[in-house]
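My questions all concern the structure below.
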Ligand SMILES: NC(=O)C1=CN([C@@H]2O[C@H](COP(=O)(O)OP(=O)(O)OC[C@H]3O[C@@H](n4cnc5c(N)ncnc54)[C@H](OP(=O)(O)O)[C@@H]3O)[C@@H](O)[C@H]2O)C=CC1
Ligand SMILES: O=C1O[C@H](COP(=O)(O)O)[C@@H](O)[C@H](O)[C@H]1O
């Protein structure tokens, strides 16, 4: 039966500000829509209160400059004529080029964007609109299954893209941006989305400048900020970041993105759990022996060493992507599918988790390796990484949830760069069959004959369940076979990129797949002590060759809990 996609039925009002919390509730001042040079000057002269908040009630002496209704710069907007302006801050960067602009184009191509929208790139690099368009055009592709009118659609999309160069900590650039946005929004009810695709050390600068100068007045349309990870380095810095952001924004305006939550299989995890009766009774310590969350990449940190060395794999992947999956996997049934109900359950399960101990962690770092003619660099060969760096590019960890459902069940995580394959998956290993009638027919190792449910997040999305099966023939021999749901065989449509779903959700004000600040606090509480200890003691990572399966220490760690990693068979099944 064809699935009904509710988004096709969304009313344009889904993009409007229907709830006060959707609007920019913090008081702020707008840049004047006219005479921008004077405006920029005034922006800079704007008085600040002692705590850095934009001042309530501060106004320009020139009342005309101040009088900007939601649809300023044009005739009164007609009912329902909304427009969304999306500003990609850090538009010249890797993520913007690789993911954000392509995702925006994909949304446009499939008619998910509202009729009236404008896209702005903002960064320090000097670029004209045309140069931005050229840059973006290199990154755009059309879905293989929908190539019709592709270049026409690209041209239409690129015409809606503009660029504003400016500093991140200066209000001048954002004032100029505000002026241009206002021009494009003329006659419509505006809404603004800022995507902070920039290094974390400048998040607050941008939020301060943009919220003071380029966010919409309270009571107008909404102004939202998507903030990229990392959200701090530990509990303390994350708390500090949250406090700083909240000086300028309401929590409702902050969309902390974890793109793994936008992946199809991760979204499907709750569907699998809560809409299939067969799994419901099995989902606990009674039947599940261990759960494995595995992430591997077959490339190193090339080009991102400077960022990575300050964070390491635990912060880059485990504390966010894998922990979020774990929370969705292990949470209790939420009251409803509403964002706050789901996030409440996630927080509860995260708060039930034991703080990770150093003896439950193995860290590794890749070293150079030569295979045939080809040489692969060591992590420390990156010129932006210190030669004596002990930053882990691989980690394995055993985590526990101290609640009634999961008491004693090891949740094993493994994440690494420069490994032999690129993969992300969830493996659920079930207990042995008690008093198994067929124990003589399944081979010596009963643990090898237990059921395993695998959710392959990427690549080649799939769900499969390993079952024991009689090998056809006159004898009685069992082997392990898979009940398969391979997405490429079952579904013809190409799977949207995670960023498409998340951008759309942010525009719709749907927070379900974004991280709330208390979730973040709970997540950091689990990892901060171990990160501190690893760093204070400069624990030396186990070296593993580029392109290998990672440090053997990961196997010893799993063995401590009678676990065997499910991804070690040669075919990876
Ligand atoms: N790249 C990826 O695959 C992923 C990235 N992220 C996160 O997304 C954000 C953006 O990542 P990415 O695009 O890789 O970042 P980049 O390093 O490419 O930076 C983005 C832009 O920010 C500006 N910039 C870079 N360094 C500085 C600096 N020290 N001070 C001021 N401005 C600077 C540059 O623009 P200009 O000089 O023109 O101003 C640059 O083009 C980060 O928070 C990252 O952690 C998250 C997941 C994956
Ligand atoms: O957040 C991050 O994710 C990417 C992996 O994302 P994927 O969607 O390609 O699996 C990772 O390479 C990067 O280091 C990390 O910051």
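When averaged across all projection directions, what area in nm² does the alpha-carbon convex hull of the range 381-482 cover?
Value for the range 381-482: 10.9 nm².
Same structure, new question: For the range 86-150, count the residues as N, evaluate 2.2 N^0.38 Å, and divide the Cα radius of gyration by that value, please.
So the Cα radius of gyration is 1.13 times the expected 2.2 N^0.38 Å.
With labels modelled as points extended 7 Å from the Cα through the Cβ direction, what inter-label distance (nm, one decimal) is found for residue 539 paired with residue 124?
3.6
Right, next: What Rg and what Dmax come out for the range 320-446 when only alpha-carbon atoms are used, in angstroms?
20.1, 60
Among 222, 283, 406, rank each residue by its count of other Cβ atoms within 10 Å, from fewest to most, as a rough exposure measure.
283, 406, 222
Quick check: residue separation of residue 518 and residue 151 times 0.36 nm, minus the Cα distance between them. What number comes out in nm?
Details: separation 367, 0.36 × 367 = 132.12 nm, distance 4.43 nm.
Going from the current span to full extension adds 127.7 nm.
Then there is this: Rg and Dmax of the range 130-271 over Cα atoms: what are they, in angstrom?
Every Cα atom of the range 130-271 included, Rg and Dmax give 17.7, 51 Å.
What translational diffusion coefficient, in µm²/s and rounded to a whole number, does the Stokes-Einstein relation yield for the range 261-560 at 4 °C and a viscosity of 1.567 mPa s, taking the hydrodynamic radius as the Kirkwood radius over Cα pairs?
The Stokes-Einstein estimate is 62 µm²/s.
Once you have the Cα-Cα distance between residue 110 and residue 276, take 0.36 nm times their residue separation minus that, and quote the gain in nm to one decimal.
Details: separation 166, 0.36 × 166 = 59.76 nm, distance 3.05 nm.
Gain on stretching residue 110 to residue 276: 56.7 nm.
Here's something else I'd like to know. Two decimals is fine: what is log10 I(q)/I(0) at q = 0.19, 0.20 Å⁻¹ for the range 483-573, from a Debye sum with one equal scatterer on every Cα and no solvent?
-1.08, -1.07
Now for a separate question. To make sure I understand, if each residue's beta carbon is the centre and we count other beta carbons within 10 Å, what order do 568, 100, 495 fall in, fewest to most?
568, 495, 100
Turning to a different aspect of this structure: Whole number please: convex hull volume per residue, Cα atoms of the range 199-341, in Å³.
Measuring per residue, one finds 163 Å³ for the Cα hull of the range 199-341.
Let me ask something else about it. Could you check the spin-label model distance between residue 298 and residue 471? Points 7 Å from the Cα along Cα→Cβ, value in nm.
For the pair residue 298/residue 471, the computed spacing is 3.0 nm.
Could you pull out which residues in the range 300-333 have an amide N less than 14 Å from a spot 7 Å beyond the Cα of residue 369, following the Cα-Cβ vector?
Taking a point 7 Å out along Cα→Cβ of residue 369, the residues of the range 300-333 whose backbone N falls under 14 Å are 300-301.
Compute the convex hull volume of the Cα atoms of the range 369-433, divide it by the residue count, and report the result per residue in Å³ as a whole number. Walk me through the intermediate numbers first.
Working: hull volume 10.3 nm³, N = 65.
Value for the range 369-433: 159 Å³ per residue.
With label points built 7 Å along Cα→Cβ from the Cα atoms of residue 284 and residue 138, find their separation and express it in nm.
With each label placed 7 Å out from Cα toward Cβ, I get 5.6 nm.
For the pair residue 267 and residue 480, what calculated FRET efficiency results from E = 1/(1 + (r/R0)^6), where r is the Cβ-Cβ distance and R0 = 35 Å, to the nearest 0.05?
Values: r = 28 Å, r/R0 = 0.81.
Approximately 0.80, to the nearest 0.05.
Could you compute the FRET efficiency for residue 490 and residue 445, with r as their C-beta to C-beta distance and R0 at 25 Å, rounded to 0.05?
For residue 490 and residue 445, the calculated efficiency is 0.20.
Can you give the FRET efficiency to the nearest 0.05 for residue 337 and residue 387, using r as the Cβ-Cβ distance and R₀ = 45 Å?
Details: r = 50 Å, r/R0 = 1.12.
That pair, residue 337 with residue 387, gives E of 0.35.
Where does each of 452, 373 land when they are ranked from fewest to most other beta-carbon atoms within 10 angstrom? Please report the intermediate quantities before stating the final value.
Values: 452 19, 373 5.
Listing 452, 373 from fewest to most nearby Cβ atoms yields 373, 452.
Read the figures in this text as sums done on the coordinates, not as results from a lab. Quantities reported herein were computed from a predicted structural model and do not represent experimental measurements. Here the Cβ is made from the backbone with ideal geometry for all residues, glycine too, and neighbour counts use every protein chain on show.
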